[in-house]
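Q: This is the structure, below, for whatever I ask next.
Bear in mind that the values in this text are calculations on the coordinates, not laboratory data. Predicted, not measured: the structure shown is a model, and the values here were computed from it. Please note: Cβ atoms are built from the backbone with ideal geometry, for glycine as well, and neighbour counts cover all protein chains shown.
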Amino acid sequence: MRLVPEDGEDHDSEVEARPSKSARKRAAHAAQKLGEELTDLKTAELDALNLPEELHAAILEAQRIKNSRGGMARQRQYIGKLMREIDLAPLEAAMAVRRKSGALPSRHS
């Protein structure tokens, strides 16, 4: 038997519109991977991307702590979290152009 919420509205359409957990995890991993690519850029290249200030600072911090394995892992996760909060399409397009021009190595997924 299916229960109807107290407000009397059917919320199934809201559940169906939401991406699956697997889809959200794939998007999160993709954002983190893109963030890792950003840590390999030079400061001038980062500046040209017009990143949000908090993300820019997190990437610079990651570049600074590259020798600390545990610290770098936490920083990558933090960058991934920040990346999930922004629209990645323009950033992915800019990185694709950089890869095509030979400025970056090809992305291995």
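Q: Kindly evaluate ASP40 against the criterion of being surrounded by 11 or more Cβ atoms within 10 Å (Cβ to Cβ), without any contact (Cβ under 8 Å) to a residue 12 or more places away in the chain, over 13 Å from the mean Cα position of the chain (by Cα) and at negative phi.
A: On the way: surrounded by 11 or more Cβ atoms within 10 Å (Cβ to Cβ): yes; without any contact (Cβ under 8 Å) to a residue 12 or more places away in the chain: no; over 13 Å from the mean Cα position of the chain (by Cα): yes; at negative phi: yes.
Considered against the rule, which asks whether it is surrounded by 11 or more Cβ atoms within 10 Å (Cβ to Cβ), without any contact (Cβ under 8 Å) to a residue 12 or more places away in the chain, over 13 Å from the mean Cα position of the chain (by Cα) and at negative phi, ASP40 comes out as no.
Q: Answer yes or no: is there a residue in region 87-99 that is in contact with a Lys or Arg (Cβ under 7 Å, 6 or more places away or on another chain), surrounded by 11 or more Cβ atoms within 10 Å (Cβ to Cβ) and not aliphatic (A, V, I, L, M).
A: Checked against the condition, which is being in contact with a Lys or Arg (Cβ under 7 Å, 6 or more places away or on another chain), surrounded by 11 or more Cβ atoms within 10 Å (Cβ to Cβ) and not aliphatic (A, V, I, L, M), region 87-99 yields at least one hit.
Q: Report the residue count in region 56-67 for those that are surrounded by 12 or more Cβ atoms within 10 Å (Cβ to Cβ) and among the polar types (S, T, N, Q).
A: 1
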